1. Please give, to one decimal in nm, the separation of the simple spin-label points placed at LYS141 and ASN8, each 7 Å out from Cα toward the Cβ.
2. So the label point goes 7 Å from the Cα of ARG158 along Cα→C-beta, right? Which residues of segment 80-111 then have their backbone N under 19 Å from it?
3. Given a 1.4 angstrom probe, I'd like the percentage of the accessible area of the chain that is carbon and sulfur, rounded to a whole number.
4. Pairs LYS46/LYS134; LYS53/LYS144; LYS27/LYS134: which are spaced more than 23 Å apart, C-alpha to C-alpha?
5. Hey, what number do you get for the chain at 222 nm if only DSSP H runs of n ≥ 4 count, each worth -39500 (n - 2.57), divided across all residues, to the nearest 500?
6. Protein chains only, probe 1.4 Å: how do LEU13, LEU159, LEU43, LEU116 rank by accessible area, largest first?
7. Roughly how many whole Å is it from the C-alpha centroid of segment 55-90 to that of segment 25-40?
8. Using alpha carbons only, how many degrees (0 to 90, rounded to 10) separate the axis of helix 43-61 from the longest principal axis of the chain?
Amino acid sequence: METEVIYNTNIELVDKLLASCTRTVSKLHVLFSSSTQEEKDNLYGKSKRDGRKIFEKWAVENNSSFTALIIPNVFGPFGNPFYNSVIATFSYQLTHNEIPEIHTDSELNLIFINELVEIFYNSIIHKSNNPIQKIEIESTKTIKVSTILETLQKFKNRLF
């Protein structure tokens, strides 16, 4: 049920933005934050993939530009616990004397938020001649979830 809400909300946001662009006859360059989840068989990934395809179709039909950035897991300042960052979630739990749980001890492909911001900036400043782009952003670090938790626990133990 919750994933259906995520899917519907993501597609609804795409539709609202494009309705506004159509209403105002805007010819703009849309940058879309997508996710490596696009390749997974879940509703979040499907919402990102379907949203990207809707934007691409709109850009072609309206002689506009569209860039999809396929982003790995992001970490750094302003990450939200229980929402968009396992590192933020574990940090929150450890600092609130909760016990973090690892649901799947997989390898995570990560990028630091400052590195991602630089990629966004460059995508805006150095606009491609190709009106439709899909850029797969490379991770800058790969690490197991258990190693992240162990590292954060060591930090906590040193501080407290």
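1. 3.8 nm
2. 87-88, 90-96
3. Answer for the chain: carbon and sulfur cover 54 percent of the accessible area.
4. In this structure, LYS53/LYS144 lie more than 23 Å apart at Cα.
5. -16500 deg cm²/dmol
6. I get LEU159, LEU13, LEU43, LEU116, largest accessible area first.
7. The two parts, judged by their Cα centres, are 8 Å apart.
8. Compared with the principal axis, the helix lies near 30 degrees.
The values are calculated or read from the model by the stated rules, or taken from the named source; none is laboratory data. Everything numeric here is computed off the predicted structure, so don't read it as measured data. Neighbour counts are summed over all protein chains in view; Cβ atoms, including those assigned to glycine, are modelled from backbone coordinates with ideal geometry. Accessible surface is based on the protein model in full, side chains and every heavy atom, while ligands, DNA and RNA are left aside. Shrake-Rupley method; radii C 1.70, N 1.55, O 1.52, S 1.80 Å.
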